Amino acid sequence: MSRLQDDFYDAINGEWEKTAIIPDDKPRTGGFSDLADEIEDLMLETTDQWLAGENVPEDSILQNFVKFHKQVANFDARESAGVKPVEPLITEYQKLSSFEEFAARIAEYEMAGKPNLLPFGVSPDFMDAKNNVLWAYAPHTILPDTTYYADDNEKGKELLATWRKCEENLLAKFDFTPDEIKDMLDKIIELDDQVAKYVLSSEESSKYVELYHPYDWADFTKLVPELPLDTIFTEILGTLPDKVIVPEERFWTEFAAEYYSEKNWPLLKALLVESAATSYTSYLTEDIRILAGAYGRALSGTPQAMDQKKAAFYLAQGPFNQALGLWYAGEKFSPEAKADVEAKVATMIDVYKERLLANDWLKPETRDKAITKLNVITPHIGYPEKLPETYVKKVIDDSLSLIENAQNLAKISIAHTWSKWNKAVDRSEWHMPAHMVNAYYDPQQNQIVFPAAILQAPFYSLEQSSSANYGGIGAVIAHEISHAFDTNGASFDENGSLNNWWTDEDYAAFKERTDKVVAQFDGIPFAGSKVNGQLTVSENVADLGGLAAALEAAKKEADFSAKDYFTNFATIWRMKAREEYLQLLVNVDVHAPGKLRTNVQVPNFDDFHETFGVQKGDAMWREPSERVIIW
């Protein structure tokens, strides 16, 4: 086992890693995953009872979930139906004769949840975060990131060949001839290669402030003369929008006119027919479900598909996940734990305020604006106060087929999403359910959200020492607060709007410090690749701020133990993962690998060196002049 002074992460987690077993249907285990697996077991056990008619909740929304789950879990009916449920959809797209004919139906297809090649959505306006506006995105690529398309990227070529083979196996289950499949995939790959030249990379997408490109609607429509956007959005929204925000500007200004054109129709039609065939693979036969997931498993190195019963639960849960989250919170999240965590959040905000007041590199006016933003951060703990309004509409009709009910559920969600356009942002709506092991900061609502699922050991437990809790959930809470002041959050004001509240001198001082964080991570070899310090900088700045603030809060407790604090921080990031999954994360994830979130961050703290006797010559040693603290 490694010495603490040479590899802190391994010294804490090495023995665990030797015996940890990655489930055959998962790409990883450890930390977050262990909790998620425990919750998965609970939900499967509970919903099995519900399917059997035992202990079914009186809540009408959950009763509709059970009805939908029963249809999803009726595997005999699914095998009997085969591919018949999607044959009409495939035929509908095969009969399309021109781009013009397709374009005339785009709005209809969008509202029905059918393939439509319309990469638009509704989100808050960066300049006025209280209101929702129209955003224009770009098509997705087959490979996980544009960097995979570089001529010298052998992994990209290998993955594209894997994707093609997976598609050949899957499409053979439908009524396509081998020649039709070959022609379809040739055209889709040709189109994908074109798109990859223009869409944003993961690194580019991670820089929020550079994504804001507002266009007057009339000017935007001129970029795609053959796409009848006025007609499409009059039908979807009931009127024409006055503007659209274009984060994927390069795609729209340099390629969209060619993409959305009669000339490009053969390639677009191939993609649409393939999409029609694969839209409902999760609802069809077991063989098709497993084949449909083969490429995803290849990306992550996962050897085995999720078993039938588990897959059915997750599929049925999708439209009802917030309701299931409320059930979970009611069962597993005590009022005492909620009150305790709320107190911890308040403490962390107070500590952050103290640290800002003591800040020695910001001018008073910038520091005061940071405190103003901090003062109005809204914490949400455990579970949302209400479900989205769509949930009462999600009524399952037993007389309809599984696919028909799934389509109706999709229509409800799609209509709800578009109904938000040009309306005030609903700040009560959560972006994840209460039984998800995660947390987030929303820069446009200046909110921090901690679902009940993460509020348990090793992150948090009334049985752990206060320092261990601060090294776990405390650091996570302070991490989310720190996102308000990371390289993205720093560009948004207390209302969540894009607004430069910094003096030029202060922002230069901030960037000097964040550049050091970039340098600490950039180029570190990991999983056969190298960490991208620019891609991961926002999360790394948040980790650093979280560690600093939570450490200070921990020190206020009578039983403070730096050993417990740093040890639990290393524990929450433990992860054993498949090599392919690690390679994927290094290339596309805005988070650094868990091992580096520990080993690169903790040497920034004098307390770490002093507590564990780290000295010059030890691998974990960092010269005092090179230690970085920002918040």
task = Excluding residue 419 itself, calculate the net charge of residues whose Cβ lies under 13 Å from the Cβ of residue 419, where each Lys or Arg counts +1 and each Asp or Glu counts -1.
result = +1
message = Under 8 Å for C-alpha pairs, at least 6 residues apart: give me the relative contact order for the chain, rounded to a whole percent.
response = 21 percent
query = Which of the aspartates and glutamates could be linked to residue 197 by a straight reach, that is with a Cα gap under 18 Å, when you skip same-chain ones fewer than 8 residues away?
reply = 145, 151, 152, 154, 186, 248, 249, 254, 258
task = Among the lysines, select those whose C-alpha is under 26 Å from the C-alpha of residue 26, and discard any that sit fewer than 8 residues away in the same chain.
result = 18, 70, 155, 157, 165, 173, 309, 310, 332, 530, 576, 595
request  = State to the nearest 20 debye the size of the charge dipole of the range 1-93 about its Cα centre, where the only charges are +1 on K and R beta carbons and -1 on D and E beta carbons.
outcome  = 340 debye
inquiry  = Give the lysines reachable from residue 373 as a straight Cα distance under 21 Å; neighbours fewer than 8 places away on the same chain don't count.
reply    = 130, 207, 344, 353, 363, 511
query = In degrees from 0 to 90, rounded to the nearest 10, what is the angle of the helix 308-317 Cα long axis to the longest principal axis of the chain?
reply = 80 degrees
ask   = Can you pick out the pairs among 67/423; 114/187; 386/411 whose Cα atoms lie more than 25 Å from each other?
value = 67/423
Charge tally in the Cβ shell below 12 Å around residue 370, where Lys, Arg are +1 and Asp, Glu are -1, residue 370 excluded = +1
ask   = Against the longest alpha carbon principal axis of the chain, how many degrees, from 0 to 90 and to the nearest 10, is the axis of helix 364-375 turned?
value = 60 degrees
task = Compute the separation of the alpha-carbon centres of the range 566-631 and the range 371-440 and state it in Å as a whole number.
result = 36 Å
task = Excluding residue 478 itself, calculate the net charge of residues whose Cβ lies under 11 Å from the Cβ of residue 478, where each Lys or Arg counts +1 and each Asp or Glu counts -1.
result = -1
MRE, 222 nm, helices only [DSSP H, n ≥ 4, -39500 (n - 2.57), over the chain, to nearest 500] = -15500 deg cm²/dmol
query = When the Kirkwood hydrodynamic radius is evaluated over all pairs of different C-alpha atoms of the range 104-156, what value in angstrom, to one decimal, is obtained?
reply = 14.0 Å
Potential extension, residue 503-residue 287 segment - 0.36 nm per residue separation minus Cα distance = 71.8 nm
Simple Cβ-charge dipole of the range 91-183, Lys/Arg +1 and Asp/Glu -1, about Cα centre, in debye nearest 20 = 240 debye
note = Taking Cα pairs closer than 8 Å and at least 6 residues apart, the relative contact order of the range 480-610 in percent is 26 percent
query = Are there GluC sites (Glu not before Pro) in the range 319-419 that DSSP puts in a loop and that have at most 13 other Cβ atoms within 10 Å, and which ones?
reply = 385
query = Roughly how many percent of the accessible protein surface of the chain is carbon and sulfur, given a 1.4 Å probe and a whole-percent answer?
reply = 49 percent
note = Relative contact order of the range 514-575 (C-alpha contacts under 8 Å, at least 6 apart) in percent is 21 percent
Given charges at beta-carbon only (K, R positive; D, E negative), |dipole| of the range 490-560 in Debye = 320 debye
task = Roll a 1.4 Å probe over the protein chains and send me the accessible area per residue for the chain in Å².
result = 42 Å²
message = For residue 365, project a label point 7 Å along Cα to C-beta. Then give me every residue of the range 497-541 with its amide nitrogen under 19 Å of that point.
response = 499-511
note = For the range 284-378 the trypsin sites (Lys or Arg not before Pro) that pass both the DSSP coil test and the at-most-16 other-Cβ-within-10 Å test are none
query = So how tilted is helix 537-555 from the main axis of the chain? Cα-based, degrees 0 to 90, rounded to 10.
reply = 40 degrees
message = Quick check: convex hull of the Cα atoms in the chain, volume per residue, rounded to a whole Å³?
response = 161 Å³
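The values are calculated or read from the model by the stated rules, or taken from the named source; none is laboratory data. All values derive from a computational prediction rather than experimental measurement. Please note: Cβ atoms are built from the backbone with ideal geometry, for glycine as well, and neighbour counts cover all protein chains shown. Ligands, DNA and RNA are stripped out before the accessible areas are found, and what is left, the full protein with its side chains, is counted by its heavy atoms. Shrake-Rupley method; radii C 1.70, N 1.55, O 1.52, S 1.80 Å.
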